[in-house]
Amino acid sequence: MFPANIEQYVRPQSVAEALAACAGYDAGEAMFIAGGQSLMQAMKSRMARPRCLIDLQAISELKGICPDEGAFHIGAMTRYVSIANDERLTGYFAALRDAAQHVGDRQVRNRGTIGGSCCWNYVASCLPAVVMGLGGEMKLQAADGSQRSVAAEDFLIAPLETARADDEMLLAIRIPQPAGRGGSAYKKWGLVKDALPVVGVCVAVTLDSNDRCATARVTLAGLSAGAHRATAAEQALVGTAGDAAAIAQAFDAAANAADAQGDKWADVAYRQNLIRTLGQEVATSAFARAAGRQE
Ligand SMILES: Cc1cc2nc3c(=O)[nH]c(=O)nc-3n(C[C@H](O)[C@H](O)[C@H](O)COP(=O)(O)OP(=O)(O)OC[C@H]3O[C@@H](n4cnc5c(N)ncnc54)[C@H](O)[C@@H]3O)c2cc1C
């Protein structure tokens, strides 16, 4: 399988240059390429047929993880390997590392980017669920230089659909630091180790002064709705001490409320059980991290 003819390939050095390269093309005809781990497959199958490819690899302003008043600013071109190896991402931010450490294989982690993953928003991808779970904000720039921030929940509309306009580039993702002590965790189950998730669960909690859950955000990956919040579990966790019984009840509620699909990888009951078992494991870690008992 070969891509359709690509008329122009550019490798700009700056965001402004990259956005300027879209000029003269109709919507969707000029595409950014980040790690190429999804787009190359889409081009080979001719699901995507860009006339112009704008390679973002040389743009240093899109790369890196910077602390930002307690929050973290993660450039769109930051590769999974950089997130996986960043030891500052602990506590409330730990789910980012959990996810990045197990995306695909080593080659995918060395090439794929957090921005590419969120802009592609594949039905069964890990980082969109984590970015939504941590309350991330997506920073975008349009061709006219204007910028806007969109909450991850509003950005990640549905599988392969985001709020990004064709002439907008994702610059970065800001993961805010919530008030109070926070902890998060992510885990997926795939058919083979490090495969795309059949189900993935992200939990982010904050604790009050009595070590009770003040806020909870739970997101699921791998279901046909794509990354989305499991509000039944969130409501059940708030106010609890994160004990095993409370967590089991919360993820039972999430499993029962989930619109889980049956397909060749897993039937509905199996996916519901994955929500229960992964949820138990991940929520236990998130509480332990918030309380400082686990890295
Ligand atoms: C073998 C294999 C296993 C995988 N396993 C997993 C897994 O376990 N978990 C998981 O989550 N994912 C997995 N993936 C998918 C992987 O995460 C991809 O890397 C990711 O989906 C796309 O990121 P990318 O940087 O390669 O983006 P690309 O493929 O280059 O681009 C994807 C899309 O995003 C757009 N885009 C990229 N960057 C920007 C930007 N800054 N602004 C605007 N638009 C942009 C592109 O135009 C394109 O439409 C796997 C992929 C492979 C090949």
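Read-outs throughout are calculated quantities, based only on the coordinates presented, and are distinct from any laboratory measurement. Bear in mind the structure is a predicted one, so any value in this text is a computation, not a measurement. Every residue, glycine as well, gets a Cβ built from its backbone with ideal geometry; the counts of neighbours run over all protein chains shown.
Using only Cα atoms, find the angle between the long axis of helix 244-257 and the longest principal axis of the chain, and express it within 0 to 90 degrees, rounded to the nearest 10.
Tilt relative to the chain: about 50 degrees.
Sort largest first and round to whole Å: the equivalent ellipsoid semi-axes of the stretch 61-175, each the square root of five times a Cα gyration tensor eigenvalue. Spell out each step's value before the answer.
Details: eigenvalues 84, 51, 35 Å².
Listed largest to smallest, the semi-axes of the stretch 61-175 are 20, 16, 13 Å.
State, as an integer percentage, the relative contact order of the chain based on alpha-carbon contacts under 8 Å between residues 6 or more apart.
Values: 708 pairs, mean separation 47.5, N = 295.
In percent, rounded to a whole number, it is 16.
Would you mind calculating the relative contact order of the stretch 1-119 from Cα pairs under 8 angstrom and at least 6 residues apart, reporting the percent as a whole number?
For the stretch 1-119, the relative contact order is 27 percent.
What residue among 268, 192, 150 has the largest mean-square fluctuation in a Gaussian network model of the chain, using Cα springs under 10 Å?
192
On full extension of the chain, what length is gained from residue 69 through residue 2, given 0.36 nm per residue of separation minus the C-alpha to C-alpha distance? Could the numbers behind the result be given before it?
Working: separation 67, 0.36 × 67 = 24.12 nm, distance 4.62 nm.
Full extension from residue 69 to residue 2 adds 19.5 nm.
Any idea how far apart residue 146 and residue 238 come out in nm if each label point goes 7 Å out from Cα toward Cβ?
Calculated label separation equals 3.4 nm.
So between residue 17 and residue 40, what do we pick up on full extension, going 0.36 nm a residue minus the alpha carbon distance?
6.0 nm
Using a 10 Å cut-off on Cβ atoms, rank the peptides 36-48, 118-130, 239-251 from the highest mean neighbour count down.
Details: 36-48: 15.8, 118-130: 25.2, 239-251: 17.4.
Peptide ranking by packing, descending: 118-130, 239-251, 36-48.
Using a Gaussian network for the chain with springs between C-alpha atoms less than 10 Å apart, which of these wobbles most: 196, 160, 274?
160
What's the local net charge at residue 254, with K and R +1, D and E -1, over the other residues with C-beta under 9 Å away?
Value of the local net charge: -1.
Can you tally the lysine pairs in the chain where the Cα-Cα distance is under 29 Å and the two residues are eight or more apart, or on different chains?
Going through the chain pair by pair, I get 13.
Tell me which GluC sites (Glu not before Pro) from the stretch 139-174 have a DSSP coil assignment and no more than 12 other beta carbons within 10 Å of their own. Present the calculation step by step, with values, prior to reporting the outcome.
Working: sites: 153, 161, 168; in loops: none.
Hits after loop and neighbour filter: nothing returned.
Angle check, please: helix 268-290 long axis (alpha carbons) against the longest principal axis of the chain (alpha carbons), in degrees 0 to 90, nearest 10.
80
Quick one: putting +1 on the C-beta of Lys and Arg, -1 on the C-beta of Asp and Glu, what dipole do you get for the stretch 181-290 around its Cα centre, in Debye to the nearest 20?
Dipole size: approximately 240 debye.
Just to be sure I follow: if Rg is taken over the C-alpha atoms of the chain and Rh is the Kirkwood radius over the same atoms, what is Rg/Rh?
Radius of gyration relative to Kirkwood radius: 0.98.
What percent do you get for the relative contact order of the stretch 61-175 when only Cα pairs under 8 Å and 6+ apart count?
On the way: 209 pairs, mean separation 31.9, N = 115.
Reported relative contact order: 28 percent.
For the residue pair residue 9 and residue 60, what label-to-label distance in nm results when each label sits 7 Å from Cα along the Cα-to-beta-carbon direction?
For residue 9 paired with residue 60, the spin-label model returns 2.4 nm.
Please identify, among 100, 27, 195, the residue showing maximal mean-square fluctuation in a Gaussian network model of the chain using a 10 angstrom Cα cutoff.
27
Between the stretch 148-162 and the stretch 221-240, how far is it from one alpha carbon centroid to the other, in angstrom?
17
Which value, in debye to the nearest 20, gives the size of the charge dipole of the stretch 38-197 about its Cα centre, when Lys and Arg are +1 and Asp and Glu are -1 at the Cβ?
The calculated dipole for the stretch 38-197 is roughly 640 debye.
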